[in-house]
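**Q** Quick one: the structure is below, and I'll ask about it shortly.
The values are calculated or read from the model by the stated rules, or taken from the named source; none is laboratory data. In this text, all values refer to a predicted model and were calculated from it rather than measured experimentally. Here Cβ is always computed from backbone atoms with ideal geometry, including for glycine, and neighbour counts include all displayed protein chains.
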Amino acid sequence: MGGKNAVIVSRHADIERAATGIVRSAFGLQGQKCSACSRVYVERPVADALRARLVELTRDIRVGDPTLRENWMGPLINQAAFERYQRCVSQLSRHGTIDIGGRTLAEGDLAQGWYVAPTIGSADRDYSLWRDEKFIPLVLVGEIDSLDEGIGLANASAYGLTAGFYGAPGEIDEFLDRIEAGVTYVNRPQGATTGAWPGYQPFGGWKGSGSTGKAIGSYWYLPLYLREQSRTIVD
């Protein structure tokens, strides 16, 4: 049922691990998956370092025919998604900043598909892109002063599918206890908000990202498909 999935990066985070996980989750499958990362809240002391590394990793992404191994990112699914991307980056260029990307790609063979550049930007917190899910390869990065602030901003969403955190061991419990999401990842470079393994990591959302709060593959999921029968017998 979708999500506006957030990542929180504390001042104690491993920046390389965080940047790798964010890029993989923001731009894998062109950002066209329910668990894609689209919001990053990073503590100010490490914000510049994280943003710089995100830009470096994004610059190295090869975009093209996804059947060729050298291309990590393929095209958007259709013209509607392509036009939605164009509208979003046009608005972001006026209401925020774009660190990298923000353009369509039509050189050579790329003219034969809906290809766009993976995009990282920032904007005021009341900007609609912080709230609206778009299913495009665009992630916003915002600065925070504390883990408490980051959790509050991450939870200020109608969605609650996945969420990620990078920080120190002593911060993990607070994140897990307070975050309003059905699938959580901590200090995971393989993907900040994506990549649950079927059979090992139950997958399901809270709030607007789910109707029951029970995850596919979890202990409590199967009973959702069973009928109960109350039996009262008087001899």
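**Q** Pairs needed: first member in the stretch 1-13, on the phi < 0 side of the Ramachandran plot; second member anywhere, outside any loop (DSSP other than H, G, I, E, B) and among the acidic types (Asp, Glu); C-beta distance under 9 Å; at least 6 residues apart or different chains.
**A** Ile8/Glu43; Val9/Glu43; Ser10/Glu43; Ser10/Glu171; Arg11/Glu43; His12/Glu43; His12/Glu171; Ala13/Glu43
**Q** Against the conditions (1) under 20 Å from the mean Cα position of the chain (by Cα); (2) surrounded by fewer than 18 Cβ atoms within 10 Å (Cβ to Cβ), where does Leu54 fall short? Just the number, please.
**A** Going through the list (1) under 20 Å from the mean Cα position of the chain (by Cα); (2) surrounded by fewer than 18 Cβ atoms within 10 Å (Cβ to Cβ), Leu54 breaks only (2).
**Q** Still on this structure, please answer the following. Restricting attention to strands (runs of 3 or more DSSP E) lying wholly within the stretch 1-109, give those where 3 or more residues are more than 27 Å from Gly213 (Cβ to Cβ). Quick ask: steps written out before the conclusion?
**A** Details: elements: 5-9, 37-43, 96-100.
Where strands (runs of 3 or more DSSP E) fall fully within the stretch 1-109 and carry at least 3 residues being more than 27 Å from Gly213 (Cβ to Cβ), they are 96-100.
**Q** Among the numbered conditions (1) over 19 Å from the mean Cα position of the chain (by Cα); (2) on the phi > 0 side of the Ramachandran plot; (3) surrounded by 14 or more Cβ atoms within 10 Å (Cβ to Cβ), tell me where Gln86 comes up short.
**A** (2)
**Q** So, in the stretch 25-38, how many residues would count as being surrounded by fewer than 24 Cβ atoms within 10 Å (Cβ to Cβ) and either farther than 18 Å from Asn71 by Cβ or touching a helix residue (DSSP H, G or I) at 6+ places or on another chain (Cβ under 6 Å) (or both)?
**A** Residues that pass the stated criteria total 1.
**Q** Restricting the search to the stretch 66-80, which residues are surrounded by 10 or more Cβ atoms within 10 Å (Cβ to Cβ), at pLDDT 95 or above and of a type outside the set (A, V, I, L, M)?
**A** Asn71, Trp72, Gly74, Pro75, Asn78
**Q** Can I ask one more? Can you report the number of residues in the stretch 19-41 which are of a type in the set (A, V, I, L, M, F, W, C) and touching a Lys or Arg at 6+ places or on another chain (Cβ under 8 Å)? Outline the logic, then answer.
**A** Narrowing the stretch 19-41 to residues of a type in the set (A, V, I, L, M, F, W, C): 19, 22-23, 26-27, 29, 34, 36-37, 40.
Imposing the further condition that a residue be touching a Lys or Arg at 6+ places or on another chain (Cβ under 8 Å) reduces the set to 19.
So the count comes out to 1.
**Q** Further question: Can you confirm whether Ala117 is of a type in the set (Gly, Ala, Ser), crowded, with 19+ Cβ neighbours inside 10 Å and either over 30 Å from Ser10 (Cβ atoms) or at pLDDT 95 or above (or both)? So that I can check it myself, show each step before the final result.
**A** Details: of a type in the set (Gly, Ala, Ser): yes; crowded, with 19+ Cβ neighbours inside 10 Å: yes; either over 30 Å from Ser10 (Cβ atoms) or at pLDDT 95 or above (or both): yes.
For Ala117, the condition - of a type in the set (Gly, Ala, Ser), crowded, with 19+ Cβ neighbours inside 10 Å and either over 30 Å from Ser10 (Cβ atoms) or at pLDDT 95 or above (or both) - is met.
**Q** For residues in the stretch 187-235 being of a type in the set (Lys, Arg) and in contact (Cβ under 8 Å) with a residue 40 or more places away in the chain, which is nearest to Val40 (Cα to Cα)?
**A** If we take residues in the stretch 187-235 being of a type in the set (Lys, Arg) and in contact (Cβ under 8 Å) with a residue 40 or more places away in the chain, then Arg188 is nearest to Val40 (Cα to Cα).
**Q** Scanning the stretch 110-122 for residues that are without any contact (Cβ under 8 Å) to a residue 60 or more places away in the chain and in a loop (DSSP other than H, G, I, E, B), which turns out farthest from Leu54 (Cα to Cα)?
**A** Gly113
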